[in-house]
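Report on the following structure.
The values are calculated or read from the model by the stated rules, or taken from the named source; none is laboratory data. A quick note: this is a predicted structure, and the numbers were derived from the prediction, not measured. Positions of Cβ are backbone-derived with ideal geometry, glycine not excepted, and every protein chain shown enters the neighbour counts. All accessible areas refer to the heavy atoms of the entire protein, side chains included, with ligands and DNA or RNA removed. Shrake-Rupley method; radii C 1.70, N 1.55, O 1.52, S 1.80 Å.
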Amino acid sequence: MRLFEIVDGVQNLLELSVDADGVISEEGLAALSALEMDLSEKLVNTALYLKGVEAERDAVAKAAKELADRAKIHTRQADRLRQYLADNMERAGHEGLSDPRVKLSWRTSTAVVVDPNVIFSSTSLPEGVLVKSARADKKAIGELLKSGTEVEGCRLETRRNLQVK
C-alpha cells in the first residue's frame, strides 16, 4: 500500500534492502546515498517512504491490540464454559462423557498451594525456593513437598482438570 507517490528507484531500493528482521541494511542505505537524483528529492521520497512504514506499523499495532482484546474475550468465555461443564459433571457424578464430536474426561494433577496469609522471608523457607520478587517459587516448593520436606504454609493439593478434546 502506498500512501504517497514515491519515486520508484527509492521505493524499490528500500524494499529490497530490508533483511529478514525488517531492518534496512547498511548496503541499502549506502545505495540510497549513491542513487543519482537531487538530494532534496531523495530526502523527501525517503521521508514519504518512512511515513508509509510508520503508518503500516501503527495499523499493525492497532490490529494486534484489537486481536489481543478479542482473544481475552474468548479466553473469558472459554474459562466460564469450562467451569460450567466441570461444575455440572461434578454435580451429576460423571467421570467422563463421549460423543462422536467431543469427549469430556478428568485428568488428575497436583498443584502447590501457598497460603496467601503467610509472609515469607529468606529465613522461613528452605534455601532456593524464594524468588527474588518475594514470591514463593511454587515449582521448588512442590519438589520439596513431594520429597517429604514440610514447608510452612504450603501443601500439595490434588485437582481435577476437565479435558475437552
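Of the conditions (1) assigned to a helix (DSSP H, G or I); (2) of a type outside the set (A, V, I, L, M); (3) surrounded by 11 or more Cβ atoms within 10 Å (Cβ to Cβ), residue 77 clears all except one; give me its number.
That leaves (3) as the condition not met.
Kindly provide the set of residues from the stretch 83-114 that are farther than 30 Å from residue 143 by Cβ, in a strand (DSSP E or B) and either of a type in the set (Ser, Thr, Tyr) or touching a residue at least 40 places away in the same chain (Cβ under 8 Å) (or both), ordered by number.
98, 102, 103, 104
Which of the residues belonging to the stretch 1-37 are modelled with pLDDT of 80 or more and of a type in the set (D, E, K, R)?
15, 19, 21, 26, 27
Of the residues 68, 86, only one is touching a strand residue (DSSP E or B) at 6+ places or on another chain (Cβ under 9 Å), among the small types (Gly, Ala, Ser) and at pLDDT 95 or above; which?
Details: 68 fails: touching a strand residue (DSSP E or B) at 6+ places or on another chain (Cβ under 9 Å).
The match here is 86.
Report the residue count in the stretch 5-37 for those that are over 20 Å from residue 57 (Cβ atoms), open to solvent by 90 Å² or more (accessible area, probe 1.4 Å) and outside any helix (DSSP H, G or I).
Qualifying residue count, the stretch 5-37: 2.
List the residue pairs whose Cβ atoms are under 6 Å apart, where the first residue sits in the stretch 29-52 and is of a type outside the set (Val, Ile, Thr), the second is open to solvent by 80 Å² or more (accessible area, probe 1.4 Å), and the two are 6 or more positions apart or on different chains.
Filtered contacts from the stretch 29-52: 52/3.
What's the total number of residues in the stretch 140-165 that are within 15 Å of residue 111 (Cα to Cα), in a loop (DSSP other than H, G, I, E, B) and touching a Phe, Trp or Tyr at 6+ places or on another chain (Cβ under 9 Å)?
Of the residues in that region, 1 qualify.
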